[in-house]
Amino acid sequence: MAGKLIRLDNKHISVHQMTMSVDRVLQCYIRNMFGPPSLLIENYLREAGFWHVPTICQGCKLDPKLISALIERWRSETHTFHLPCGECTITLEDVHLQLGLPVDGYAVTGSASSTDWEAVCYERLGALPDNINGEYDFRVRYARAYILEMIGGYLMPDLSRKLVHLRWLLKLVDFRAAGELSWGSAVLATLYKEMCGATRPNKVKIGGCLSLLQSWARFRFPFLRPRVDHPYTFPLITRWNHSASYVGIPTSLEDIWLLLDERSEAKFQWTPYEDPTIRVVIPDEFLQNLNIWHVKVQLMNYATVEMHQSDKVLR
């Protein structure tokens, strides 16, 4: 006899929420960059695969109630949201087009141990002077520090809200080698892990790239999408960097639940990126290998391994 697939109900927030006196709203975190990087490190960011990220790390505001409502529909057993429209999930396609990160490459994995992290930090970062116009070594260190801040504050923040592991520096020794890694897979693996952990009723915080989760929802659920009177730009998540109107958008957890239950079956958009006004702003280089978006594969981020089961949500 086949075993039951959905087996974690007794540990899932959706069951416990019904008996809670106060609805749980998760604490969410993001750290936007203060400004664009210096043009002196542009080539290094391009080589490492992070060139588009600085544009998305500016002005993003999270909606904890929307994120909390989505987590209540997330199932760790399948890595999908269970909604009246069926199963749906965030895929490598979303990571690629929303964040502009590479998703086709080597896994971000390996040893994360060091006998002397202080030495690693000093060797890779050193002391950054006020003026970096001069020596090559200073510009390289500045680029590493900038990427480290984007990873720890925006792409893969943990629950500490202020710390970033130095293991990322081990992948930034050679920027060209770093550019051959699937950073998008690492970001998605981290987000999956954080979402699975946040389904437990005793959790109060959630990490990971929550801006991606929020933007995914806005592109898929038109009834949760604020109005933006501005052309689409790439990466697609930058749409929410512009001023928006939230008239008619639900602001309470209960209203978001209600809309997800009542409208998602009829209104969910399975292929939002096929819209011609969106397609036209996507660079050709991001449309060269569409098959990579739909592979059933393990997503890796060092010790974190999560399944990418896009076959469950293809339309």
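The values are calculated or read from the model by the stated rules, or taken from the named source; none is laboratory data. Keep in mind that this is a model prediction, so the values were computed, not measured. A quick note on method: Cβ atoms are made from the backbone with ideal geometry, for glycine too, and the neighbour counts reach across all protein chains shown. What goes into the accessible areas is simple: the full protein's heavy atoms, side chains included, and nothing from ligands, DNA or RNA. Shrake-Rupley method; radii C 1.70, N 1.55, O 1.52, S 1.80 Å.
Some points to look at:
- Computed with a 1.4 Å probe on the full set of protein chains, the accessible area for HIS308 sits at about 0 Å².
- Taking the Cα centre of region 198-305 as reference, the dipole from Cβ charges on Lys and Arg (+1) and Asp and Glu (-1) amounts to some 340 debye.
- A simple spin-label model places the labels of GLU87 and GLU42 4.5 nm from each other, with each point 7 Å out along Cα-to-Cβ.
- Rounded to the nearest 20 debye, dipole of the chain from Cβ charges on Lys, Arg, Asp, Glu: 720 debye
- Placed amide H near VAL297: partners under 5 Å, 5+ positions off or other chain: HIS308, SER310
- FRET efficiency, 1/(1 + (r/R0)^6) with R0 51 Å, evaluated for ASP137 and GLU254 via beta carbons: 0.35
- Using R0 = 30 Å, the C-beta based FRET efficiency linking ASP116 and ARG200 works out to 0.25.
- For region 17-50 and region 159-175, distance of Cα centres in Å: 14 Å
- Given charges at Cβ of Lys, Arg, Asp, Glu: the chain dipole, positive-most of TYR154, ILE30, LEU253: LEU253
- Simple spin-label estimate for VAL280 and ALA266 gives 3.1 nm between the two label positions (7 Å along the Cα-to-Cβ direction from each Cα).
- In the chain, the longest principal axis of the Cα atoms and the axis of helix 253-267 are about 80 degrees apart.
- 0 to 90° range, to nearest 10: angle between helix 136-150 axis and the chain longest Cα axis: 10 degrees
- Think of the chain as a dipole: +1 on every Lys or Arg Cβ, -1 on every Asp or Glu Cβ, centred on the Cα centre; then among PRO226, TRP293, PRO272, PRO226 lies furthest on the positive end.
- Residue (of MET18, LEU169, HIS96) at the positive-pole extreme of the chain, dipole from beta-carbon charges: MET18
- Ranked order, TYR44, TYR154 - accessible area, probe 1.4 Å, largest first: TYR44, TYR154
- Straight-line cross-link partners of LYS205 among the lysines, defined as a Cα under 26 Å from its Cα and at least 8 positions apart when in the same chain: LYS11, LYS61, LYS65, LYS162, LYS193.
- Estimated [θ] at 222 nm from DSSP helical runs (n ≥ 4, -39500 (n - 2.57)) normalised by residues in the chain, nearest 500: -9000 deg cm²/dmol
- The chain: angle of helix 183-198 to the longest principal axis, Cα-based, in degrees nearest 10: 40 degrees
- Across ALA186, ALA143, ALA112, mean-square fluctuation computed from a Gaussian network of the chain (C-alpha pairs under 10 Å connected) peaks at ALA112.
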